[in-house]
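A short worksheet on the structure shown next.
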Amino acid sequence: MKSKISKTAVVLLSGGLDSSTVLYFAQARGFKCQALIFDYGQRHQQEVACAVKIAKSIGSAHRILKMSFPWKGSALLDKKIKVPQEITRGVPVTYVPARNIIFLSFALSLAEVIKAQAIFIGAHAQDYSGYPDCRGEFFKAFIKMAKVGIVAKHKIEIRAPLLNMNKSQIISLGSKLGVPFNLTWSCYRAGKKPCGECDSCHYRAKGFKEAGLIDPLANR
């Protein structure tokens with residue numbers, strides 16, 4: 001049974017299973033969602049197209065914000081940098097410098113204008129070891145900054161409901177919420193089917209296996 005919609009939220013939507021689960025999660029908790037999709041010069045447009053499909057699948061309003069990182073600095077922005085075919089230690093080359101800081105800042109600006117009560121982001125614990133802007137302490141610091149950096153009189157919460165979950169727990173939650181995983185895209189490469197080699201594909205496959213579910217993209 002869906003909750004009565006009485007609040008508005010901006011949801012960062014990438015087209016992956018994490019952010020898609022968060023969109024469904026927010027709407028199930030009574031938020032009228034505005035999905036914010038970034039076309040930021042990433043390696044392929046497939047995830048943007050998937051994000052639009054996800055937003056439409058749940059009837060969420062959405063907007064695509066086109067921007068760029070002209071200085072690149074990531075394998076997701078610079079095709080001269082190879083996407084690793086195995087999980088690496090430390091900060092991976094797929095890290096986009098300050099991406100969550102930038103994306104959350106845009107989301108905060110939008111939330112202030114449309115008088116949204118919350119911002120939802122799909123960051124989670126499994127990215128903690130590699131991506132510094134997916135840590136709990138990062139969100140605590142950003143929330144503190146946001147409280148003094150805007151003029152909105154209403155409270156804007158910044159929520160990362162998946163933060164302490166692993167991939168299998170996220171997939172289980174998404175399954176219960178009815179997330180159409182067949183419309184999501186996690187692979188760092190584009191194609192008719194996922195490459196099955198990058199760390200994003202690895203975590204996705206491992207997550208579905210541990211959740212006891214079948215990935216609808218696995219047999220494409």
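Summary table below
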{"read-out": "Estimated vicinal HN-Hα couplings, Hz - the stretch 106-122 in sequence order (Karplus 6.51, -1.76, 1.60; Gly, Pro = x)", "value": "5, 4, 5, 4, 5, 4, 5, 5, 8, 6, 6, 8, 8, 10, 10, 9, x"}
{"read-out": "The chain, relative contact order in percent, only Cα pairs under 8 angstrom and at least six apart counted", "value": "24"}
{"read-out": "Stretchable slack from Asn219 to Ala61, in nm (0.36 nm times residue separation minus alpha-carbon distance)", "value": "53.8 nm"}
{"read-out": "Extension gain (nm, one decimal) between Ala49 and Ser6, 0.36 nm per residue minus Cα-Cα", "value": "12.6 nm"}
{"read-out": "J(HN,Hα) series, the stretch 156-167, from Karplus relation 6.51 cos²θ - 1.76 cosθ + 1.60, nearest Hz, glycine and proline x", "value": "10, 7, 10, 10, 10, x, 9, 3, 9, 9, 9, 4"}
{"read-out": "Amide proton proximity set for Arg159, modelled H, under 5 Å, gap of 5+", "value": "Ile119, Phe120, Ile121"}
{"read-out": "Cut-off under 5 Å, modelled amide H: who pairs with Ala35 long-range", "value": "Val11, Ala61, His62, Arg63"}
{"read-out": "Residue-span extension gain [His202 to Lys80] - 0.36 nm each, minus C-alpha spacing", "value": "41.7 nm"}
{"read-out": "Cross-link pairs Lys7/Lys144; Lys53/Lys147; Lys72/Lys153 - those with Cα-Cα distance over 31 Å", "value": "Lys53/Lys147; Lys72/Lys153"}
{"read-out": "Karplus-derived HN-Hα couplings along the stretch 178-192 (A = 6.51, B = -1.76, C = 1.60, θ = phi - 60°), whole Hz, x at Gly and Pro", "value": "x, 5, x, 4, 5, 8, 8, 9, 10, 5, 6, 10, 8, x, 6"}
{"read-out": "Debye, to nearest 20: dipole size of the stretch 7-211, +1 on Lys, Arg Cβ, -1 on Asp, Glu Cβ", "value": "340"}
{"read-out": "For Ala75, distant residues with modelled amide H under 5 Å away", "value": "Thr94, Tyr95"}
{"read-out": "Positive-end residue, the stretch 7-211 charge dipole about Cα centroid, Cβ charges, pick of Ala28, Leu183, Tyr40", "value": "Ala28"}
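Values quoted throughout were computed directly from the atomic coordinates according to the rules given, and no laboratory measurement underlies them. Since this is a predicted model, take the numbers as computed values, not measurements. Don't worry about glycine lacking a Cβ; one is built from the backbone with ideal geometry, like all the others, and counts go over all protein chains shown.
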